[in-house]
Amino acid sequence: KVNIKHKIILSYIKDLSVETPDPESLIAARENISKYSLKLDLSSKPLKNKMIEVYTKLTYEDKFNKKKTCFEMIYATVIRIEEDKPNPEDLKKFILCDLQIQIYPRIEKIFLEILKFSGFPELQLKSKVDFNKLYKEKNN
């Protein structure tokens, strides 16, 4: 675990997309929800005054049938680094892993609520995200 002193300044839904072309698509999606998978994409953008905007993008779709119902949310978290010169590798691990462990449960809860209001009241995401494992895979 990388400990970088930081403060979360704000967090918000930056972009949200719920695609349900028609009632038939919703019915088909409900019947095939087991084929849906969650894809995560993490990125960041440096801002002024030692601040960084971190993007956690969640995409939930049927990998084999992209024309149907799909969901996408980009959640932005703005943090201020409260250290003078953090090691760049430590900072990268912090953003992609340790910060995500801290903020992701809330992001997932928001995303699930949106899916519930979009016609999937019983939906549960299958697996928990292992950010340490994702980070190691990305850096090998």
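Summary table
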{"read-out": "Highest to lowest packing among 11-21, 50-60, scored as the average C-beta count within 10 Å", "value": "50-60, 11-21"}
{"read-out": "Solvent-accessible area, 1.4 Å probe, carbon plus sulfur percent, for the chain", "value": "52 percent"}
{"read-out": "Measure of compaction for the chain (Cα Rg per 2.2 N^0.38 Å)", "value": "1.17"}
{"read-out": "3J(HN,Hα) from dihedral phi, the stretch 20-27, Karplus parametrisation 6.51/-1.76/1.60, rounded to Hz, x for glycine, proline", "value": "10, x, 6, x, 4, 5, 5, 4"}
{"read-out": "Entries of 68/92; 39/68; 63/128 with Cα pairs more than 25 Å apart", "value": "68/92"}
{"read-out": "The chain: angle of helix 99-117 to the longest principal axis, Cα-based, in degrees nearest 10", "value": "20 degrees"}
{"read-out": "Solvent-accessible area per residue for the stretch 1-92 (1.4 angstrom probe, square angstrom)", "value": "65 Å²"}
{"read-out": "Estimated [θ] at 222 nm from DSSP helical runs (n ≥ 4, -39500 (n - 2.57)) normalised by residues in the chain, nearest 500", "value": "-9000 deg cm²/dmol"}
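The values are calculated or read from the model by the stated rules, or taken from the named source; none is laboratory data. The model shown is predicted, which means the values in this text are computed figures rather than measured ones. Because the Cβ atoms are built from the backbone with ideal geometry, glycine has one as well, and the counts that use them run over all protein chains shown. All accessible areas refer to the heavy atoms of the entire protein, side chains included, with ligands and DNA or RNA removed. Shrake-Rupley method; radii C 1.70, N 1.55, O 1.52, S 1.80 Å.
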